[in-house]
Amino acid sequence: MKAVKVLAMLLLMISLQGCWGSRETDELAYVLALGLDRGPGQNIQGTFQIANPKVIAGQAGGGGGGGEKEEPLITVSTIAPLPISAFNLINVERSRQISLLHANAYIISEDLAREGLGNYLNSLNRFRETRGTAFIYISRCKAIDFMERNRPDLETTPAKQYELVSRTFRLHALAPVVQFHKFYTGTKSRDRQPVAPLVNITQEDFAGGPSRPEALGDFLAGDMPSNKGESQFLGAAVFRMDKMVGTLTGNETRYLNMLTGEMHFSFMIIPDPIKEGAVVGVSLKQARKPVIKVSTDRERPRISAEVFIEPELVGVPSGTNYEDEKQMGALEAAIAGIIGDSCRQLVARTQEEFRSDIFGFGSHARKNFLTVQQWRDYDWLDKYPQAEVDINVNLKIRRTGLMHKTVSTVN
Amino acid sequence: MDGKIKFGMAEAVVLLTMSNMARIFLSFPRALLEMSGPAAWLSSITGMGLAVLQAYLFYHILKPSPGQNIVDIANKSLGNIAGTIFNIIFASFFLAVAALFTRTFSEALIITALPSTPISVLLTGFIMLAVLGSYIGLEAMARSARLTYPFVLSGIALLLLGVSPKWDLQQLFPILGNGPVNVFAMGGLISGAVTEILLAAVIVKSFHGPEMFLKITSRAMLMGFTYLTVLSIVLVITHGWNTAQENTLPFYNLARLIYLGRFFQRTESIFIIIWGFIGMIKVALTLYAAAQTLAGTFRLTDYRPLLWPLALIAYAGSIIPHDMPSALRLESMLIREVAWLPTVALPLVILLVSRIRKRSGPNESG
Amino acid sequence: MKNLIKQVLRVLTYQEPPSREGFILKENYFDKKMADSPGKQPQSQEQGGQDGSAVQGRRRARSLRRAVVGPGNAGDSDTGKVSTILDRNRAAIEKIYGLPVNRDIVIRDYTIGTEPPVKSFLVYIDGMVSRADLNFLMQSLMLEAGEISRDPSASASAVLQRLLPGSQARVLDSFKDIVESVNYGDTAIFIQGSPKALVVETKGWEHRPVEKPRNEQTISGPQESFIENLRANTALLRKIIRSEKLYTEMIGVGKRFRSDVAVMYMVDLADPELVKEVKRRVSSIEVDFITDTGMLEQYIEDSPYSLNPQTHYTERPDRVASYLAEGKVAIILSGSPYALVVPATMYSQLHTGEETYLRWQYGTFLRYTRTFSFYLALLLPGLYLAAVLYHQEMIPTDLLLAIAGNREQVPFPTVVEMLMMEFSFELVREAGLRIPSIIGSTIGIVGALILGQAAVQANLVSPVVVILVAVTGLASFSIPSYSLAFAVRTYRFFYLIMGAVLGFYGITIALFIQIMLTTSLKSFGVPYLSPTGPRTYPGGDVVNRLPIFMQRRRPDYINPQDNIRAPEEPRGWVKSDGEGGGDGRQN
C-alpha cells in the first residue's frame, strides 16, 4: 500500500512541468482598480490600474539606488462591449496574465451609471476572480481621469487608499460605504435600492463655502474647497434598480446614513438657538439603529421611523453655557428640529424626485406578508412614492467634552 | 472484515453526519431556495422530520433480525430472485450517487479553485481516493471522520460568523416563502431524500445492535439537517433570497464575502480543504456501501475485489453529463424522482413482505 | 651528485614497477575452508583451476557449511561435555577458541589449596572481567581453601558451596553453555577430577559512566540517561520504581552472537496479553546479531513500511518509568543506551517529561506550542506553495506585491527554490552531525552566510523562502521523538509536491491519504491515534495537560489492570478535617 502511494507521488512529480493552473507570482499582473466609462457606440471603456511590484517592493524595502523613478502603477485602457472582454483584450498588450484577484475598487463613471449598469454587473458577478467585497464608487468625471489623477501621497498604492477610505467614511458619514455585493443585491431587490459614494477630483479652489452653516458638507464630490488637487469622496449616487437617477450632497447623505442606521460618527453645525448669528458645533453618534415600522393595510403605506441620536458638544464659540440643563434642552430641541426637517426633506426628495426607496423601508414592510407571492403582488416599488412618512428624532446630549462650564468672556 | 469491526456511537454519528453534510457545499441549497424562497429553513426542518421517519422505517425492518444488514434481510424475505434484484437496485443507486457526486464536486472545484485543470484529473483523483478509503476499511474512515470533525465544525462556524456584519434579519420575511405547499410539501420532499439511512442499514453490522442503529441515524440526521437549516438561514439573511438563487455554489459565495478588516479577506480557499475532505469521505463511503451491498448479494466473503470495477463504473458514470447545468439537472432528477424508490418504496415492500411472512408461517424457516 | 644523476636516470628511463601481489578476494573461498577439515584434498588456489573440481568444491562446501556454523559447536562429540580429565578440557577449550592464535582468551593454571591440592585452571576473556573480582576469586581458591571431600563428583559443588566467593555462580557441564558464559565475561573454572565446571560471574569491562542525556534534554526533572550496560540500565529503572511487582524477563536474541534483551513490566498493571505478545515477538526473531535497540524495533514493529514510528525510543529512565507506571512494557537491549517502550501512540510520542514536571499551565502552554509547530513543520511549505501558485487572492495585497517584487529577479520557479532550500537545510543538518567540533563553529558561520545572506543577495532565492524554510526546520526540531521528526520531514516533501501540483486541493488529497493511513496504523494492538482515533478515555494528558491532581485515571487504551491512579483527592492536605496525608501513593 505504501508503495502505491510513493509511486503515485513520483508520477505526479514528473508532471510538475507546467502543471495545470499554477501561476507564479511573476507571471501575473495584478489589477488594483477597475474603471468603467462610456465608450463609442455600444462599448465601454475599461481602465485597469496595474501594480508594478518591483517598485512597490523597492519602496517598502527601502533598497535600490537613485536613477529614474518608476511608477508604481500603470494605467491601461481599452474599449470593449463588456468589462470582462476589455479585461481579456488588455492581455494583448501585456506580457503577463492579468488578474482581477486583487481589484479592490470599481470606479464607474456617472454617465455610464445613468444608462444602466445591469449588463456589466452580471459579468462581474459571474467571474470567479472578482471580489464580492470590492468597493464601488461612482465618479463624476471620467473614470480614467480620476484613476490617473488620483495619487495619494501617504500610501504606496491606491488599493490601500480605497480600503482605508471606507474607514474614514465612518468618521464623517458624508458618503455611504458600499461593497459590490451589497450594490449588486440592491439592483435586484425590490425592498432596498442601492446607493454608491461619489468621487471626483477636486475642482474648486477656495472660492465658495457652504451655503448655510448647518449644511456642513453640502457639496457633491469635487466641489468642496481644498488647496490640494486631490480626490474627494463625498456624497452619494442614488439608483433605481440599476440606473442612476440622481445625486445627494454630503449633507444629505448624512441623513441617509442616519435613517439606515449606518452612521457611526458625524459632525454638524447648527445656528445657536440662544445667541443670534453664532453657531454651535456638535458631533453626532447614533445610539441604536432606527426603529422603523411600516404598515401596509391601507392604500398608502404608512412608515414611521424613529432615530436615536446622541450628540456631544464640540464647540460653543458664543460662550453660552449649554452645559446647564435648561439651555441644553433648548439646544437639543434645536438639533432635533434640524435633523427631523432634513430627514423629511430627504425622504420627500426620494419619493418625488427619485422614486426610489434607498432607506430599506421595504425590508420592514415584508414582515406584513406571508408569502413571497403576496409581497410581489404588492409591488413596493410603486407604492413607496405614495407612502406617508413620519420621522421622530430621539435626542439626548450625553457628554460635553472636557469643559463642564463655559464662563462667558467679558464683552 | 465486515461484522468484526465495531465502532462506537460517536464515530458512526460523525461519519453519517459528514456524509450528509456534503450536499450543502454544492448546489443543493440553491435548489432549495429556488423552491421555497426565504422559508428554506422550514423546508429543511420538514425534511429532518421525514428523514427521522425513514430511520424508524428501517429500524422496524432491522429489528427482528439483529446481526443482519438489509442486504441479508432482502435476500431472506423476498427469496433469491427478487432479493437479488432489490439489492442490485440498491447498489446501483449508491453508484449513481457516487458518480454524480464526484462529478458535481469536481465541477465545483474547477469553478472555484482550479480553473485550468482538466476535469479528468480531478475525477481520477476523487475516484482513486475513494478506492483507497474503501480499501483501508470502514474503521479508518470512521476514525478519520471523528478526527477531522472538530476542524470541519470550527471552519463552518468561522464562516458563518465571519459574514455576520452582513446579516440582515429582515430578509427572512415573508415567513412562508413561496407558499406552504411549496415550502412544506415539495421542499420537505426534496431535502428529505437522503441516502445515509440506507447506507447505515448496509453497515449496520458494525453498530452494536438495532437500537443503536436508531439512535445513531436519528442523531446523525438531526445534526446534518441542523447544518442545512443554519446554512439556509445564513444564506437568506446575507444575500436576500432573490440574489441567493443565482449562485451556483452558495456556500462558496458566502465564503467570498468574508471581510474582517484588511487582513482577513478572501480566505475562501481554506474552505476548499474542508469541503474537499467531506466530499472524499462521502464518495468513499458510498463506494464502500455499493461494494458491500453487492458482496452481500452474491454472498462473497470480502468486498475488496469489487472495488476496482465499481470505481470504474462510477468514473464512467461521472463523465456522462455534458456540462455542469445538465449534471445538476440529473442530480435533482435523481433526488426528486428516483431516490424515493430505493430509500422508501423498496424497504416498505421488504417490511411488508417480512411481516406477512412472519404472520402467515411461523413454521417457515426464517 | 651521483645520487642525483641516478635519481634522474631512474625517473627518465622506464622501469617496471616491482611486482607486489595485491590482495584479491578469490572466488573459491569454499575450497579453502574445505581444506581445513580433515580427510579432504586441498584444491588449488588459483582462479578457475580445474573447472569441474571447482564446481564440485562449491557443492561440497555448501553441504559442509551447515555443519561449520555456530559458535561452540566444534563438531566433535567428545568435546561436548566436560570430562574429568583436566588436560582434555584444556585441549577442548584451546580448540574452541583457537588458542594460541586468539590472544584474548587466557587460561590460568593453578592449584586449589586444599589438602591434598587439586589441579585446576581458569578460563576468561581478557578485558571483560574485573581484575579485582578475579584476584579475589583466585585468592580464596588458592590460599584460603580448607578441607574438602575427595569424592570427585561432589568436588565441584563442594567448591561451589564453600570456597567460591562469587556473587553468581553456576555449575555447568556442557561446553556450549560454558563458552557462552565466558563470552559474556564470566570466568570458567575446571577442576581435575570433576565432570562439571564452575562458572562465576565476574563481569567488569570498561563502560561510560551515567551522564546527562545527549538527545533528550529537559530543563527540569532528572538528568540521567541509560548507558550500554544492561545491568546498569535495569538498575537505573529499579532505582525509580522500587517495587517487587516490577518484573524483568530475559530473552536472548541473535544466533551468531547472543545479546540479552530485558523485557520489563509491572505485573499488576500491564495487560498480560500485551506482555505475552511482546515476548512472543522478541523470542521469535532469528537473526545473526542485533547491536542496537533500533534494529530490534524494526524487527518487532507492526508495520515496517509505514513512515510513522510505532514505539517510543528513549534514553531517559524517568520517561520509561512513567510509561511503565501507566501499564506499558519496556524492552532494553544490552549494548544499547536506548530503550523501547510499547505500545506507543502518536500523542505520547509528542510528550516529554518537561510538561509533567512543570506546573500545568506551563505544561499546557508547552503542549500548544508543540502542536502548533507540529503543524507548521508538516504543512507550511505546502501551504505557502499552494497559496502563492494557485490562490494568490488569499494573500493580502501588500504582502503579495512584496513577494512578487522580490521574486522578480529570481530565475527559478518557486517550487525549485523551495526544494533547493529544503535540501540545503537537510545538508546542513546532516553535515552538522559529522563536523569535528573544532571547526564546527566556523562552518556554522560560513553556512549561515552562504545560505542566507549571499543566496538572497545573489538573487538565487527570495528572502521569504529562506524565512519559511528556517521556520519549518526549527519547528521540526521541536518534535521530541527523533523518528517522528524524520517522518514529519518526509511527509513535508509530499505536501510540498502536492501543493505545487494541485494547490489546496492537492493538500487536501495528501491530508486525506495521510489521515487514512495513520488511523489504520496499530502499535502492538493499540490504534495509533488513540485517544482521538477511537474515542477512549484520555486520562487528562493528551493535548491539554490538566493539573496533576486531576489525572486520576490511567489512559484507557492500554487496558491496564488497574485504572485508578489516585483517589478522589490526592492532595491530602486539602481535606479539612485533617485526615492526614500519605494516602494512595506509595513513595
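Quick notes on this one:
- Cα gyration tensor shape of the stretch A:218-301, rounded if a/c is under 1.5, else prolate or oblate by comparing a/b with b/c: oblate
- Comparing A:SER318, A:SER283, A:SER22 in a Gaussian network model of chain A (Cα springs below 10 Å), the most mobile by mean-square fluctuation is A:SER22.
- For the stretch B:63-104, convex hull of alpha carbons as volume per residue, Å³: 64
- Across the options B:VAL52, B:SER120, A:ALA143, the greatest Cα extent toward the positive end of the charge dipole of the protein assembly as shown (unit charges at beta carbon of Lys, Arg, Asp, Glu) belongs to B:VAL52.
- Within the listed set A:PRO40, A:PRO194, A:PRO290, the residue fluctuating most in the Gaussian network model of chain A (springs between alpha-carbon atoms under 10 angstrom) is A:PRO40.
- Taking only Cα atoms of the stretch B:24-180, radius of gyration then Dmax in Å: 20.5, 60
- Listed cross-link partners C:LYS95/C:LYS176; A:LYS5/C:LYS279; C:LYS239/C:LYS328; C:LYS176/C:LYS203; A:LYS285/A:LYS396 are compared with a 22 Å cut-off, the Cα-Cα value being larger for A:LYS5/C:LYS279.
- Sorted on the mean count of surrounding Cβ atoms within 10 Å across their residues, most packed first, peptides A:109-116, A:383-390 read A:109-116, A:383-390.
- Protection proxy ranking of B:20-33, B:220-233, C:81-94 - average other beta-carbon atoms within 10 Å, highest first: B:20-33, B:220-233, C:81-94
- Cβ-derived FRET efficiency at R0 51 Å, A:ARG170 paired with C:THR248, nearest 0.05: 0.10
- For the stretch C:230-344, the mean projected area of the C-alpha convex hull, equal to one quarter of the hull surface, is 6.5 nm².
- Working from label points 7 Å from Cα in the Cα-to-Cβ sense, the C:GLU426 to C:ARG571 distance is 4.9 nm.
- The convex hull built on the alpha-carbon positions of the stretch A:265-404 has an orientation-averaged projected area of 9.8 nm².
- Each 10 Å bin from 0 upward holds the following percent of the Cα-Cα pairs of the stretch B:189-327: 9, 26, 33, 22, 9, 1, 0.
- Order of B:ARG359, B:ARG146, A:ARG302 under a 10 Å beta carbon neighbour criterion, fewest first: B:ARG359, A:ARG302, B:ARG146
- For the protein assembly as shown, the spread of Cα coordinates along the three principal axes comes to 142, 117, 87 Å, biggest extent given first.
- Here the calculated FRET efficiency for A:GLU230 and A:GLN373, from their Cβ-Cβ distance with R0 = 60 Å, stands at 0.70, rounded to the nearest 0.05.
- Anisotropy class of the stretch B:104-191 from Cα gyration tensor, a/c 1.5 cut: prolate
- This model, with +1 at the C-beta of Lys and Arg and -1 at the C-beta of Asp and Glu, gives the stretch B:217-335 a dipole about its Cα centre of some 240 debye.
- Charge-dipole axis of the stretch A:265-404 as Lys and Arg at +1 and Asp and Glu at -1 on Cβ define it, positive-most pick from A:ALA287, A:PHE308, A:PHE369: A:PHE369
- FRET E, pair C:ASP260, A:ARG126, Förster distance 51 Å, beta-carbon r, rounded to 0.05: 0.10
- Test item: Cα-centred dipole of the protein assembly as shown, Lys/Arg +1 and Asp/Glu -1 on Cβ, debye: 2780
- Among B:42-54, C:243-255, the order from most to least packed when residues are scored by Cβ within 10 Å on average: B:42-54, C:243-255
- Inter-site label distance for A:LYS275 and B:ARG299 at 7 Å from Cα along Cβ, in nm: 10.7
- Computed on chain A, the Cα convex hull volume stands at 251 Å³ per residue.
- Distance violations [Cα-Cα > 28 Å] among A:LYS182/B:LYS282; A:LYS275/A:LYS405; A:LYS293/B:LYS166: A:LYS182/B:LYS282
- Dividing the convex hull volume of the alpha-carbon atoms in the stretch C:370-527 by its residue count gives 123 Å³ per residue.
- Label-to-label distance, nm, for residues given as C:ALA232 and A:LEU82 (7 Å Cα→Cβ offset): 8.0
- Kirkwood hydrodynamic radius (C-alpha pairs) into Stokes-Einstein, chain B, 4 °C and 1.567 mPa s, D in µm²/s: 62
- Over chain A, DSSP H runs of length four or greater, each weighted -39,500 (n - 2.57), average out per residue to a 222 nm ellipticity of -9000 deg cm²/dmol.
Readers should treat all values here as calculations from the given coordinates under stated rules, not as data from a laboratory. Here the structure is a predicted model, which means the values were calculated and not measured. Because the Cβ atoms are built from the backbone with ideal geometry, glycine has one as well, and the counts that use them run over all protein chains shown.
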